[in-house]
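One structure is given below, encoded as structure tokens.
The values are calculated or read from the model by the stated rules, or taken from the named source; none is laboratory data. Here the structure is a predicted model, which is why all the values come from computation and not from measurement. Here the Cβ is made from the backbone with ideal geometry for all residues, glycine too, and neighbour counts use every protein chain on show. Note: accessible area is taken over every heavy atom of the protein model, side chains too, but ligands, DNA and RNA are not part of it. Shrake-Rupley method; radii C 1.70, N 1.55, O 1.52, S 1.80 Å.
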Amino acid sequence: MRNGTSQLQRRGRLAAHPMPATMTSHFFTVDVEEYFQVKALESAVSREEWISRPSRVARSVDALLDWLDQYNARGTFFVLGWIAEHRPEVVHAISARGHEIASHGYWHQRVTSLDPSAFREDIRASKHALERLIGTEVVGYRAPSFSIVPGLEWAFDVLIEEGYKYDSSLFPIYRAGYGYPNSPRTPHIIQRSAGRIAEFPLATTTFFRYPIPAAGGGYLRQFPLAIIRRAFREASERSEPATFYVHPWELDPDQPRLPVSIANRVRHYRGLEGTLERMELILKEFSFTTIGSYLPALAGHPARLMTAGAA
């Protein structure tokens, strides 16, 4: 899967910085998709064009794996089923390096655009595609664009019925497009009519008691780094794990620029040159592991009944 030496690979050869054994381990997660499959660029690239676009995801993922090794970090990679079908070497490389494979759906469709039947088809296809490649059960899911929002709690019933053990889609914030503001900020168990499922919400902090997104991704690129570090420091002080995320394309400042609106250009391209340096500082300061490794710690926790709009 190695296609040359990127900036990330060159910098990833720095000496490792082991974390203290007593440090709280947080969750390092990666949403694995090509740069042209994201919401901000969907007006410029149709689904039919995906297969003809030059792939850039393998090089970024390969370099990211080297980087995580340098810091003795393990992560959970939420992979599109489309990537499993068309870029299987990416999935094999992640699994071979000891990281967890989870589902990001098949087509990168937001749950808000699907009915329960279409959602079931999407998550089932993704799960099967990934399991065929790695030969082990896939138990985790993250919705594209964190799109399980109030009113779509039925998605948890479908996930449970399809064999998923945990979800990491809820962002406990107020935001146009996504956000589940009433969700607890810490890992918890959701009780639904179909059964129980663990939830691992994205990291937040507060400003005058107002929730602020601080989990990584675009917030890592566009917010002051102090906000991200504050969220993880607060969680560490509570001895509670927090969830960080990043996309491979965010480590690829040389990716093609596509003709989209000014707002989407800012959303997708702003800060790409600084992602690597900021991620390095996070990896130096905090310890990271997989979400799946934490599931046994939640096994005996009481479940929170989730009804429409409330967790």
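Here's the picture: a label point sits 7 Å out from the Cα of residue 284 along the beta-carbon direction, and within the stretch 222-259 nothing has its amide nitrogen under 12 Å of it. Computed from the Cβ-Cβ distance with R0 of 25 Å, the FRET efficiency linking residue 55 to residue 96 stands at 0.85. Around the amide H of residue 138, modelled in the peptide plane, lies no amide H under 5 Å away from a residue 5 or more places distant or on another chain.
When the helix-only estimate is applied to the chain (DSSP H runs of n ≥ 4, each -39,500 (n - 2.57), divided by the residue count), what is the mean residue ellipticity at 222 nm, nearest 500 deg cm²/dmol?
The helix-only estimate for the chain comes to -9500 deg cm²/dmol at 222 nm.
Taking amide hydrogens as placed 1.01 Å from N in the peptide plane, the amide H of residue 304 sits under 5 Å from those of 189, 190, 191, each at least 5 positions away in sequence or on another chain. Using C-alpha pairs under 8 Å with a sequence gap of at least 6, the mean separation divided by the residue count of the chain gives a relative contact order of 23 percent.
Think of each Lys and Arg Cβ as +1 and each Asp and Glu Cβ as -1; about the Cα centre, that makes the dipole of the chain roughly 740 debye. Amide H to amide H, with H built 1.01 Å from N, residue 245 comes under 5 Å of 29, 216, 217, counting only residues 5 or more places away or on other chains. At most 15 other Cβ atoms within 10 Å plus a DSSP loop assignment makes a site exposed; report the longest stretch of the chain without any exposed chymotrypsin sites (Phe, Trp or Tyr not before Pro). My reading of the result: 1-173 is the longest stretch. Fully extending the segment from residue 113 to residue 48 would add 21.6 nm, taking 0.36 nm per residue of separation and subtracting the current Cα-Cα distance. Projecting the Cα atoms of 52, 138, 244 onto the charge dipole of the chain, computed from C-beta unit charges around the Cα centre, puts 244 farthest toward the positive end. Solvent exposure of the chain, expressed per residue, is 41 Å² of accessible area, with all protein chains present and a 1.4 angstrom probe.
Taken about its Cα centre, the stretch 24-86 carries a charge dipole of roughly 100 debye when the Cβ of each Lys and Arg holds +1 and the Cβ of each Asp and Glu holds -1.
The phi torsions of the stretch 294-305, fed into the Karplus equation with coefficients 6.51, -1.76 and 1.60 and a -60° offset, translate into couplings of 8, 4, x, 5, 9, 4, x, 6, x, 8, 9, 5 Hz, rounded to whole numbers, with Gly and Pro shown as x.
The dipole here belongs to the stretch 141-251: it is taken about the Cα centre, uses +1 on the Cβ of Lys and Arg and -1 on the Cβ of Asp and Glu, and is about 440 debye. The modelled label-to-label distance between residue 233 and residue 131, using points 7 Å beyond Cα along the C-beta direction, is 4.4 nm.
Does the stretch 251-311 come out rounded, prolate or oblate, given a ≥ b ≥ c as the square roots of the eigenvalues of its C-alpha gyration tensor, rounded meaning a/c under 1.5 and, failing that, prolate meaning a/b above b/c? It is oblate, given that a/c is not under 1.5 and a/b is not larger than b/c.
With K and R counted +1 and D and E -1, the other residues having a Cβ less than 12 Å from that of residue 189 yield a net charge of +2. When the charge dipole of the chain is built from unit charges on Cβ atoms (+1 for Lys and Arg, -1 for Asp and Glu) and taken about the Cα centre, the candidate among 260, 148, 35 whose Cα reaches farthest toward its positive end is 260. Within the stretch 169-264, DSSP assigns beta bridges of which about 90% are antiparallel (rounded to the nearest 5).
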